[in-house]
Every structure is written in C-alpha cells, then in structure tokens.
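Before any comments, here is the structure.
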Amino acid sequence: MNKKVLMSGAQFFGDDDAINVLMDAGIPVDVNRAIAEHDLIKQTLEDAGVTVCQIPAPADCQDGVYTANWALVRGNKAVMARLPNTRQPEEATALAALQDLGTETVVLPVKVARFSGQGDALPCGDIVFTQSPFRTTTDAHPFLTSELGFTQVIALETEPAYDEGGQPVTNQVTGLPDSPTYDIDLAIAILKMPSDNQKGLIAYCPEVFKASSKQILADFNDVDKIIVSKKEALEAFALNLVSTGETVVMNSGAPDFQAELEAHGLKTVALNLPELRKGGGSIRCSTLTLDN
C-alpha cells in the first residue's frame, strides 16, 4: 500500500487565508523551512520504498502542497475533488497531473457541492472511510461505489469546532462549517490493507467523533483497530501519516501511538514538521496515493 504517491511542492505555502480552524493567519510561515520539511517527507517515503511522482507546486496556491485533497484514486481511475473557494485554482493542476500520468479522471457533476478527495476518503481494501459535512458532502459518497468500485462506504461525522458560546464555528474564509478534524485523515489512519488471511488495520481517535459515528466505529469488526488519544491526534497530528503496510512515516510527538504501532510489527519513522502543520496538514495531506 502507498507504493506510489503524487506530491507537489511547498514553494507557495502559506496561511494568509486561514481556511481551517487549525490555521492562524497571524502566525508567520517560513517558506524555506516548509520546503525543507516537504523535501524530508519525500526523501523519507522514498527510503521506505515509495515511488514519489513530483510535479511543480501550483503557482500562488498556498495549500497546493496538500495533494491528498486533489482526488481519490483507485486502479487507474480518479474521482476529482471539488475544493473550497480559495483552493479551486488547484483543480486544473490536479486534473492535468493525473491525466499526464495516464489516469482516467472523473469530474463530479456540479450538483455535488464538495469533495475533499483522499483527505476525506480513506481506502482499506474494498472499504472506504468517509465523512461530512465540512469538506465533503454526502452526495459525493455514491461516486465512490459507482466510479471506483468500493463495496462499503463507512460514512462518519467528527465533532465541529465550537466557539466560546458552544456554537459550531463557521470558517470566515470558506463560509463552511469548521472542525479540528475537517478532513478525516486527521481522525483515522489506514495502517495495513486486508489480505486473504488477515483483516486490515486502522487507527482512530474516538474522542473526535460524534457519538453516533463513535458507535459505528466501535461496532465495525471488518478491520482491527488501534485507539489514539485526542491529545496525540490533535496536538501531534498523529493520524496524518503514510503507511506502506511495513513502515509508518508519522509525525513526532505521539510516543504512545508510536509504541502501539511498533507492537503491531510496524517500523516507524517520526518526523518533526512544525511548519507544514501551520496549514492544518502534514504527511498524509501532502501525498496522494496512486495505487489504491
């Protein structure tokens, strides 16, 4: 799994448009440091046996480094994303990049308001874990079965961000509901794909999910599960990782989770990536899997 991924670059990375609750436009970004962190992710993945297809970063797109949001790919087919307002200029770059790789691309009908690509749709064999409503609307979910052939769509909801009065937060840039887990790849990680003799393995943080979704995950027995604390999930971006099924490239600062991974026979490589995390994303966000 994750043997081939698409990455762009961090040359235009920034946080001036704070499009998620994890971003703060008042905190400056060091672009050179972000580039170095992005290069470190690429090198570490390559050291783990991953083939990285890299394209130039889309010009003047602060979030163009986060290629996971560009599409969901399975086999030789991609369902393209429908991104928030300030990220829409990335869509043409994403489409061209996948077509240049020989991928069949599916553009969603206009009636589908939002789809955050792999950021909100994590495959585990024939299963795909999705969420709504922050960056993906439920009307995108049927395309994951009809176009990509997944047999189970596990539709979930994480908790929104709340203001001081206890009301859900609306992002002032995008006009969309916001959450510290606005994409599901901050709440769930796929660690091993299922095989003939074993289930797939996922990790997730129950505390970030609404009660109904927490119950769905607790009752779901088609995969084995590792539980991750809210502290490590949110403070260390612990679940925003890339696993090859043998090696897990993850963020530093999550020692309990790292120990659990190693107890499951996985090699771990922990990276310190504070600059890229200022954008509300990290390792998983920066890589679009091409071989689901």
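The values are calculated or read from the model by the stated rules, or taken from the named source; none is laboratory data. Given the structure is predicted, the values throughout are model-derived calculations rather than measurements. Glycine gets a Cβ as well: all are built from the backbone with ideal geometry, and neighbour counts include every protein chain shown.
Across the stretch 217-254, what is the total count of residues that are under 18 Å from Leu186 (Cβ atoms) and touching a residue at least 12 places away in the same chain (Cβ under 8 Å)?
26
Consider Gly102 carefully, then state whether it is out of contact with any Phe, Trp or Tyr (no Cβ under 6 Å at 6 or more places or on another chain) and not β-branched (Val, Ile, Thr).
Working: out of contact with any Phe, Trp or Tyr (no Cβ under 6 Å at 6 or more places or on another chain): yes; not β-branched (Val, Ile, Thr): yes.
So Gly102 fits the description; yes.
Which one is farthest from Asp219 (Cα to Cα) among residues in the stretch 148-180 that are polar (S, T, N, Q) and surrounded by fewer than 19 Cβ atoms within 10 Å (Cβ to Cβ)?
Gln172
When you check Asp183 against the structure, is it of a type outside the set (Phe, Trp, Tyr) and crowded, with 23+ Cβ neighbours inside 10 Å, yes or no?
yes
Residues Glu262, Glu275: which one is touching an Asp or Glu at 6+ places or on another chain (Cβ under 6 Å), part of a helix (DSSP H, G or I) and at pLDDT 95 or above?
The unique qualifying residue is Glu275.
At pLDDT 95 or above, touching a His at 6+ places or on another chain (Cβ under 7 Å), closer than 21 Å to Ala34 by Cβ and of a type in the set (Gly, Ala, Ser), is that true of Ser252?
no
Considering only the stretch 186-206, state which residues are in a loop (DSSP other than H, G, I, E, B), surrounded by fewer than 19 Cβ atoms within 10 Å (Cβ to Cβ) and at pLDDT 95 or above. Reasoning before the result, please.
So the first thing to find is which residues in the stretch 186-206 are in a loop (DSSP other than H, G, I, E, B), and the list is 187, 193-194, 196-197, 199, 205.
If we keep only those that are surrounded by fewer than 19 Cβ atoms within 10 Å (Cβ to Cβ) too, we end up with 194, 196-197, 199.
Within the stretch 186-206, Pro194, Lys199 qualify.
Tally time: how many residues in the stretch 15-31 are under 19 Å from the mean Cα position of the chain (by Cα) and modelled with pLDDT under 95?
Residues meeting the conditions: 1.
Looking for something under 30 Å from Met193 (Cβ atoms), modelled with pLDDT of 95 or more and assigned to a loop (DSSP other than H, G, I, E, B) - is there at least one such residue anywhere in the stretch 32-42?
No: zero hits.
Of everything in the stretch 16-35 that's under 24 Å from Ala270 (Cβ atoms) and touching a residue at least 60 places away in the same chain (Cβ under 8 Å), which residue is surrounded by the fewest Cβ atoms within 10 Å (Cβ to Cβ)?
Ile27
Being under 16 Å from the mean Cα position of the chain (by Cα), under 26 Å from Asp47 (Cβ atoms) and part of a helix (DSSP H, G or I) narrows it down to one residue among Ala238, Ala233; which is it?
Details: Ala238 fails: part of a helix (DSSP H, G or I).
Result: Ala233 is the single residue among Ala238, Ala233 that is under 16 Å from the mean Cα position of the chain (by Cα), under 26 Å from Asp47 (Cβ atoms) and part of a helix (DSSP H, G or I).
Quick check on my filter: what residues within the stretch 65-81 are surrounded by fewer than 17 Cβ atoms within 10 Å (Cβ to Cβ) and either among the β-branched types (Val, Ile, Thr) or on the phi > 0 side of the Ramachandran plot (or both)?
Gly75 - this is the single residue of the stretch 65-81 that is surrounded by fewer than 17 Cβ atoms within 10 Å (Cβ to Cβ) and either among the β-branched types (Val, Ile, Thr) or on the phi > 0 side of the Ramachandran plot (or both).
List pairs: first in the stretch 1-15 and on the phi < 0 side of the Ramachandran plot and in contact (Cβ under 8 Å) with a residue 60 or more places away in the chain, second crowded, with 20+ Cβ neighbours inside 10 Å and of a type in the set (Phe, Trp, Tyr), Cβ under 8 Å, 6+ apart or cross-chain?
Between residues of the stretch 1-15 that are on the phi < 0 side of the Ramachandran plot and in contact (Cβ under 8 Å) with a residue 60 or more places away in the chain and residues that are crowded, with 20+ Cβ neighbours inside 10 Å and of a type in the set (Phe, Trp, Tyr), the close pairs are Leu6/Trp70.
Cβ-Cβ distance below 9 Å, separation of 6 or more or different chains: which pairs start in the stretch 194-208 with a residue that is under 20 Å from Ala233 (Cα atoms) and end on one that is part of a loop (DSSP other than H, G, I, E, B) and of a type in the set (D, E, K, R)?
Short answer, once both residue conditions are applied: Glu207/Glu159; Val208/Glu159.
For the stretch 82-106: of the residues being assigned to a loop (DSSP other than H, G, I, E, B) and out of contact with any Asp or Glu (no Cβ under 7 Å at 6 or more places or on another chain), which is surrounded by the most Cβ atoms within 10 Å (Cβ to Cβ)?
Pro84
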